[in-house]
Amino acid sequence: MAVKQHQLVSLFKKFIQDTLTGKRVKPDGKKIKAQTVKNYTYVLNLLIAYETATSNKIIIETNTGKNIKLLTKERNYWKKFYKNFTQFLYTKKCHDNYAGAVIKVLRTFFIYLKKDRLLAINDFYKHFYVTREEMEIITLMPEQLNFLINNKEFDEQLSAPLKATKQLFVFGCTVALRASDLFSIRFTDIHYVNGAAYLAVKSQKTDTPTKVKLPVYCVDIVEGLQAKARKRKTVFVPISLARFNNNSKQIAEKANWVQPVTKHRSMRGKNVEQLKADKTEFRFCDMVSSHIMRRTAITTMLMLGMPEHIVKKISGHAANSKAFYRYVNFVQSYLDNETDKVYNKLGSIAG
């Protein structure tokens, strides 16, 4: 059988199209989410940019059979592609997590070619290494969250837009939902049972249903917003994520959370310290964004003694989630530091 050549970019466009139309689905038969397709499109654009930069089309050969010469040639081709393409990503200042995510999509694409399109390709794509980096967990401490919840004097100093953002931020730091789910909460998602309020929603990312009992301060937020909602069905007034993040940083700065924070990112496995555009260090307030809400909720529950299996149920993490244990390790480090402070004070008394 003659060896056939296919342009990777053309096949990748078909991969995206099949995903969009539902021809390609998840193993459980569910349609793949729109955000995932957007990620595929980002990768497609990178592949096109790579071809433009190298003035070469990326070619996939099929039907190579067991010919050692052809197999060796193909193996070397993909080995060189992986090296050059990842180098191309790093010239664009991509970090290890992003480069790894791109390569992971490429591996998924090759599996599609083999299983869905039934193309006779070899398994050299399995040697595409998916790089990862351990990101520092930035989270509010319980006393900081308590400050946002209960300090009325601070609340009165905020403008109306910042007050609205603070309400959403506090709510997010309590219920452990992702930002996309928070913005989608409807008043009908709040259920009242025997005088208690519960939030029952399904994660847009994982389709995991969660139900969490709301504390009084969250109930007050919901009821206050409902009284002003008129015809709006969502609990929180729509706001762009960029605006929300900017407002959150302003709130943290006004709270005087301006202590320096070292920020590192990994490129090719090497940690590189990050600085702001003006070459100064990041402050804690600079690191505050929508991502911090879910992390804060999970770490707060763990720090205050909630059993891990219950926290997982609320947050929607799987029983064996590796990501979840990053929070556990972070909390243990915090508890160890607090314990050391007590022991040091005890030692000074004894002296």
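Which of (1) more than 25 Å from residue 146 (Cα to Cα); (2) in contact with a Cys (Cβ under 9 Å, 6 or more places away or on another chain) is the odd one out, the single condition residue 249 does not satisfy?
Checking residue 249 against (1) more than 25 Å from residue 146 (Cα to Cα); (2) in contact with a Cys (Cβ under 9 Å, 6 or more places away or on another chain), the one that fails is (1).
Just give me the residues in region 72-85 being touching a residue at least 40 places away in the same chain (Cβ under 8 Å) and under 22 Å from residue 265 (Cα atoms), in sequence order.
Across region 72-85, the qualifying residue is only 82.
Among the residues of region 192-222, what is the count of those that are in contact (Cβ under 8 Å) with a residue 12 or more places away in the chain and more than 15 Å from residue 316 (Cα to Cα)?
10
Any chance you could count how many residues in region 255-274 are loosely packed, with under 12 Cβ neighbours inside 10 Å and outside any strand (DSSP E or B)?
So the count comes out to 4.
How many of the residues in region 314-342 are in a helix (DSSP H, G or I) and touching a residue at least 24 places away in the same chain (Cβ under 8 Å)? If you could, list the steps in order and put the result at the bottom.
Start the filter on region 314-342 by keeping residues that are in a helix (DSSP H, G or I), which leaves 314-315, 322-342.
When the remaining residues are screened for being touching a residue at least 24 places away in the same chain (Cβ under 8 Å), the result is 314-315, 324, 326-328, 330-331, 334-335.
Matching residues across region 314-342 total 10.
Tell me, which helices (runs of 4 or more DSSP H) wholly within region 1-94 include 2 or more residues that are exposed (fewer than 11 other Cβ atoms within 10 Å of the Cβ) and β-branched (Val, Ile, Thr)?
Values: elements: 8-21, 34-54, 68-91.
It comes to 68-91.
Can you tell me how many residues within region 275-290 are surrounded by fewer than 16 Cβ atoms within 10 Å (Cβ to Cβ) and either in contact (Cβ under 8 Å) with a residue 60 or more places away in the chain or on the phi > 0 side of the Ramachandran plot (or both)? Break it down stepwise before answering.
Keep residues of region 275-290 that are surrounded by fewer than 16 Cβ atoms within 10 Å (Cβ to Cβ), which gives 275-281.
Within this subset, residues satisfying the condition of being either in contact (Cβ under 8 Å) with a residue 60 or more places away in the chain or on the phi > 0 side of the Ramachandran plot (or both) are 279.
Count: 1.
Restrict the check to region 207-221 and report whether at least one residue is of a type outside the set (D, E, K, R), surrounded by 13 or more Cβ atoms within 10 Å (Cβ to Cβ) and touching a His at 6+ places or on another chain (Cβ under 7 Å).
Checked region 207-221: no residue is of a type outside the set (D, E, K, R), surrounded by 13 or more Cβ atoms within 10 Å (Cβ to Cβ) and touching a His at 6+ places or on another chain (Cβ under 7 Å).
Checking the conditions here, which among 29, 100, 22, 65 is small (Gly, Ala, Ser) and closer than 30 Å to residue 273 by Cα?
Numbers: 29 fails: closer than 30 Å to residue 273 by Cα; 22 fails: closer than 30 Å to residue 273 by Cα; 65 fails: closer than 30 Å to residue 273 by Cα.
One residue alone meets the criteria, 100.
Being part of a helix (DSSP H, G or I) and of a type in the set (A, V, I, L, M) is the filter; apply it to region 228-248 and report the residue that is surrounded by the fewest Cβ atoms within 10 Å (Cβ to Cβ).
First, pick out the residues of region 228-248 that are part of a helix (DSSP H, G or I): 228, 241-248.
Filter once more, so that each one left must be of a type in the set (A, V, I, L, M): 241-242.
Numbers: 241: 12, 242: 10.
Among residues in region 228-248 that are part of a helix (DSSP H, G or I) and of a type in the set (A, V, I, L, M), the one surrounded by the fewest Cβ atoms within 10 Å (Cβ to Cβ) is 242.
When you scan region 173-199, how many residues do you find that are surrounded by 13 or more Cβ atoms within 10 Å (Cβ to Cβ), under 23 Å from residue 33 (Cα atoms) and not hydroxyl-bearing (Ser, Thr, Tyr)?
Total meeting the criteria: 9.
Could you please give the count of residues in region 176-226 that are under 28 Å from residue 28 (Cβ atoms), of a type in the set (Ser, Thr, Tyr) and not in a strand (DSSP E or B)? Spell out how you get there, then give the answer.
First pass over region 176-226, keeping only residues under 28 Å from residue 28 (Cβ atoms): 176-186, 188-189, 191, 198-212.
Those still in the list that are of a type in the set (Ser, Thr, Tyr) too: 180, 184, 188, 198, 203, 206, 208, 210.
From the residues that got through so far, the ones that are not in a strand (DSSP E or B) too are 180, 184, 188, 203, 206, 208.
Of the residues in region 176-226, 6 are under 28 Å from residue 28 (Cβ atoms), of a type in the set (Ser, Thr, Tyr) and not in a strand (DSSP E or B).
Would it be correct to say that residue 169 is surrounded by fewer than 16 Cβ atoms within 10 Å (Cβ to Cβ), out of contact with any Pro (no Cβ under 6 Å at 6 or more places or on another chain) and within 20 Å of residue 286 (Cβ to Cβ)? I'd like the intermediate steps shown before the answer.
Numbers: surrounded by fewer than 16 Cβ atoms within 10 Å (Cβ to Cβ): no; out of contact with any Pro (no Cβ under 6 Å at 6 or more places or on another chain): yes; within 20 Å of residue 286 (Cβ to Cβ): yes.
Taking the combined requirement at face value, the residue does not satisfy it.
When you go through 280, 296 one by one, which is the residue that is touching a Cys at 6+ places or on another chain (Cβ under 8 Å), at pLDDT below 95, of a type in the set (Val, Ile, Thr) and outside any strand (DSSP E or B)?
Details: 280 fails: touching a Cys at 6+ places or on another chain (Cβ under 8 Å).
Just a single option satisfies the conditions, and that option is 296.
The values are calculated or read from the model by the stated rules, or taken from the named source; none is laboratory data. Just so it is clear, the structure is predicted and the values come from calculations on it, not from any experiment. Neighbour counts are summed over all protein chains in view; Cβ atoms, including those assigned to glycine, are modelled from backbone coordinates with ideal geometry.
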